[in-house]
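The values are calculated or read from the model by the stated rules, or taken from the named source; none is laboratory data. These figures come from a predicted structure and were not determined experimentally. Reconstructed Cβ throughout: ideal geometry from the backbone, glycine too, with neighbour counts over all protein chains shown. Just the protein is used for accessible areas: all its heavy atoms, side chains included, with ligands, DNA and RNA removed. Shrake-Rupley method; radii C 1.70, N 1.55, O 1.52, S 1.80 Å.
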Amino acid sequence: MRILHVTERHDKESGGLTTMVNALARAMASKGHQNLVVGCSDVPREVPDGVRFLGVSEQWWGIRGVISLGLRRKIRRVYAEFRPDIVHIHGVWRPLQIVAAKVASELGIPFVLTAHGMYQPWLWCSKGWKGWAKKKVFFHMMARPAFSRARFIHSITDSEAKNLSRLFPGAEIVKIPNATDVPSGNVTVERPQRYVLFLGRIHPVKGLDMLVRAFAAIRDGGWKLRIAGPVEDRGYFQTTQEVVGKLGLSEKVEFFGPVFGEEKWKLLKQAWVVAVPSYSEVVGIVNLEAGAVGAPTITTFETGLWGWEEGGGILVHPSDDDLARGLKEALSWTLEERLKRGEQIRAFVEQRYSWKAVGKQWEELYHKMAEKGAS
């Protein structure tokens, strides 16, 4: 099959979306399928071996971008040259994604939409009533008419499936979880160090300020909080730094900035526990990456990882008190218990969230789409 992935900014600092698109394209390429990733960029981006990337620059945002004849011509040219059997659209708010859906429908090419949690309720209201109103208008005028033509709408979690069913009545929703690569063979879980790790975008949805306040309740034992990730919201980052200072945590909290490659994996492997206190998330790839290398995580019920505690992790509600409870529980583990949980969560991720398991589901779905054609 020839699979065309349409996404957003496709770079390292885009976080989980870029990671998932690359991993899915790599998994399909390993099975002999041709993959082209199209993103909003003027320069080449990093993609796996065997996967091509094409940048399509957008001159306009919002409604003007959606009705742009220039963008429509670009997308038609991409389709004509690559001749995809399947189009997979990742993300929902860019003109590129909406125009790609419209053109696929016009040409009779089946497409599947993955919202990647972008339609979850918390995010609609995160920028006040003006932001909510703008999103509602854009969704009803531009996004829903285009995406309603999808052969399938993909959800990552049960809660996202329910939300998407409300937004797209009558659509066929298919649930496939996020996935990660899990090292093969007998992998020794490393001896952890005495720090809690936050790894992710510095953005209000990630709950970093809540984590800092919860961590303030841990006053003994020499524990540290390490924060790594790109700053997406500068004002929020400054506010979080101020909270650190006011709580007297300047010597206990370390900011690393964006981390990649070996530095990232070293931080994950050596963490006592990884904290992912998101207000809204669909699994959260960092939970899976941490688990794959034997690091338990504390995350919220809002991630949709309802069985996470079976694998040795901790689930909390996104509040200061509940997160503090989860932290105190994790930091009270003996070394033996921490290592046992590391082995347990690695096995859990391998069984349920590895590409070996999840990649089969995507290949089956793509074949089903190619056989039936556009709806």
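Things to note:
- From the list Arg72, Arg76, Arg52, the lone residue that is modelled with pLDDT of 90 or more, open to solvent by 70 Å² or more (accessible area, probe 1.4 Å), out of contact with any Ser or Thr (no Cβ under 9 Å at 6 or more places or on another chain) and within 19 Å of Ile109 (Cα to Cα) is Arg76.
- Residue ID - nearest to the chain's Cα centre (by Cα), chosen from residues in segment 70-95 that are farther than 24 Å from His33 by Cα, in a loop (DSSP other than H, G, I, E, B) and not charged (D, E, K, R): Val92
- Unmet criterion (only one of (1) touching a residue at least 40 places away in the same chain (Cβ under 8 Å); (2) open to solvent by 20 Å² or more (accessible area, probe 1.4 Å)) for Leu107: (1)
- Helices (runs of 4 or more DSSP H) enclosed by segment 291-375 - at least 3 residues per element that are buried (at least 20 other Cβ atoms within 10 Å of the Cβ) and among the charged types (D, E, K, R): 335-353
- Test set (1) in contact (Cβ under 8 Å) with a residue 40 or more places away in the chain; (2) of a type in the set (A, V, I, L, M); (3) open to solvent by 30 Å² or more (accessible area, probe 1.4 Å) - Leu247 fails condition number: (1)
- Only a single item in (1) more than 21 Å from the chain's Cα centre (by Cα); (2) part of a helix (DSSP H, G or I); (3) touching a residue at least 12 places away in the same chain (Cβ under 8 Å); (4) more than 21 Å from His33 (Cα to Cα) is not met by Ile98, and it is number (1).
- Residue check for Phe215: within 26 Å of Leu323 (Cβ to Cβ) and either within 16 Å of the chain's Cα centre (by Cα) or touching a residue at least 24 places away in the same chain (Cβ under 8 Å) (or both): yes
- Taken over segment 1-25, the residue count meeting the criterion of being surrounded by fewer than 21 Cβ atoms within 10 Å (Cβ to Cβ) and over 26 Å from Lys206 (Cβ atoms) is 2.
- Top-ranked residue in segment 190-218 [being basic (Lys, Arg) and more than 23 Å from Glu336 (Cα to Cα); ranked as surrounded by the most Cβ atoms within 10 Å (Cβ to Cβ)]: Lys206
- Among the residues listed as Ala330, Ala292, Ala357, Ala275, the single one being among the small types (Gly, Ala, Ser), modelled with pLDDT of 95 or more and closer than 27 Å to Leu17 by Cβ: Ala275
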